[in-house]
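Please read the structure below before turning to the comments.
The values are calculated or read from the model by the stated rules, or taken from the named source; none is laboratory data. For clarity, every value in this text was computed on a predicted model and none was experimentally measured. Surface areas here come from the heavy atoms of the whole protein model, side chains and all, with no ligands, DNA or RNA. Shrake-Rupley method; radii C 1.70, N 1.55, O 1.52, S 1.80 Å.
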Amino acid sequence: MASFYLLKGKKSGQTIQDVTYFSLHQYFSIYPKLTKEEYEEELSKLYEYSWIEQQDTLLRVSDKGEAQLKGYKNPLFNGWLLRGNEKVFWGRLELVVQTLSHFKNHESRFIPNQKDYFVHQFVKSYLRERDYKSDKFQQSFKSQLEHLLLHPSLGDIHRTLLIYRLSGYQISGLTWDQLATVYESSVTDMKLQFVEALHIILTNVNEVDHPDLTQLAQDIFVHNPLTQSALKTEQLLTQGYSLQEIASIRSLKVNTIEDHLIEIASANKGMSLSTFISEEDIQRVLMISTKNKTKKLKIIRDSLPELSYFQIRLALALERSV
């Protein structure tokens, strides 16, 4: 279930460790509302198409799956820095478009698609700061949005999904089921394509070309990727407390504090870990990992029994070149 927790963005030590070891940052939390039923259904399809296969206790991409992947472009998710916040940006954009569309048609009363209270408050404040009833602003906003939608990183399906999900005066956005029918695909596929489209937009929106859209992206990116618990541990570390002391102060297990340190190290590659493991041992761990093409702790520790599992995990978290 590791991939399930990765997609949902579970903030556990194991999931953060997996993200770090296997460089999966872009996929973290791209589908926070993924259900186990949806996950199992999509997994079954991969089995059915023989694109994945069981190998011992692990799943691997089959030769047929590798062939299927040829020609596919790498997805442009930015999950680690967005953490599902793209839905907040979309809520703001959707409500602004719906509002401008109605006012342009001299209709001030409508039922907003967005129900989120904080989105409503943000948009109200955003519109009050602008002459949103004027043709000039409405045209400028439209031009900025059109310019962003023409970004070369977006595919035709991205543009279609973004446009068809919007609602306006006497126009309702299509549902996920309707879009899945149009593209003869699954709802899950449609949602992931949509998330990718939002990630591309948020990565490329800029103050020069899209000043008004940039404001809608305010506070969407996560500037400190650490969980709140890891942040508290980091603060105590900087004050000179040992792992054991921090565990005692916070009434947590030492293993939990170790998980926090893995998370901190993965977020700050330049931090000094000399208190826990030497630079020489870090390089030894990475050399063995590279040589054996594995990140399995037991295999590495069999070669370096003098190091603890925690030290090996720390070394792998750094991803320093050998």
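Some notes on this structure:
- Subset of Lys36/Lys115; Lys10/Lys70; Lys10/Lys191; Lys33/Lys191 violating a 22 Å alpha-carbon distance limit: Lys36/Lys115; Lys10/Lys70
- Compared with the dominant principal axis of the Cα atoms in the chain, helix 86-104 is inclined by about 10°.
- Rounded percent of accessible protein surface that carbon and sulfur make up, the chain, 1.4 Å probe: 52
- Extent along principal axes [Cα atoms of segment 50-158; Å; largest to smallest]: 63, 30, 24
- For the chain, the relative contact order works out to 17 percent when only alpha carbon pairs closer than 8 Å and six or more residues apart are counted.
- Counting only protein heavy atoms and a 1.4 Å probe, the chain has 57 square angstrom of accessible area per residue.
- Rounded to the nearest 10 degrees, the angle from helix 254-267 to the longest Cα principal axis of the chain is 60 degrees.
- Relative contact order (%) - criterion: Cα under 8 Å, at least six apart; region: segment 135-271: 20
- Candidate lysines for bridging to Lys295, where Cα separation is under 20 Å - those fewer than 8 sequence places away on the same chain excluded: Lys269
- 3J(HN,Hα) along segment 134-144: 7, 4, 4, 5, 4, 5, 5, 5, 4, 5, 5 Hz, from the Karplus curve 6.51 cos²θ - 1.76 cosθ + 1.60 with θ = phi - 60°, whole Hz, x for Gly and Pro.
- Inter-centroid distance (Cα atoms) of segment 120-192 relative to segment 81-107, Å: 8
- One equal scatterer on each Cα of segment 141-298, no solvent, Debye formula: the resulting log10 I(q)/I(0) at q = 0.09, 0.13, 0.15, 0.20 Å⁻¹ is -0.58, -0.86, -0.91, -1.18.
- Compactness of the chain, taken as the C-alpha radius of gyration over 2.2 N^0.38 Å, stands at 1.19.
- Taking the empirical scaling 2.2 N^0.38 Å for compact globular proteins as reference, segment 254-298 has a Cα radius of gyration ratio of 1.26.
- Computed over the chain, the per-residue total of -39500 (n - 2.57) for DSSP H runs of n ≥ 4 gives a 222 nm mean residue ellipticity of -18000 deg cm²/dmol, rounded to 500.
- The GNM of the chain, with springs linking C-alpha atoms under 10 angstrom apart, assigns the highest mean-square fluctuation among Asp219, Asp56, Asp189 to Asp56.
- In degrees, nearest ten, helix 117-128 long axis to first principal axis of the chain (Cα): 50
- Debye log10 I(q)/I(0) for segment 32-74, one point scatterer per Cα, at q = 0.19, 0.35 Å⁻¹: -0.68, -1.07
- Prolate/oblate/rounded call for segment 137-211, Cα gyration tensor, a/c under 1.5 rounded: oblate
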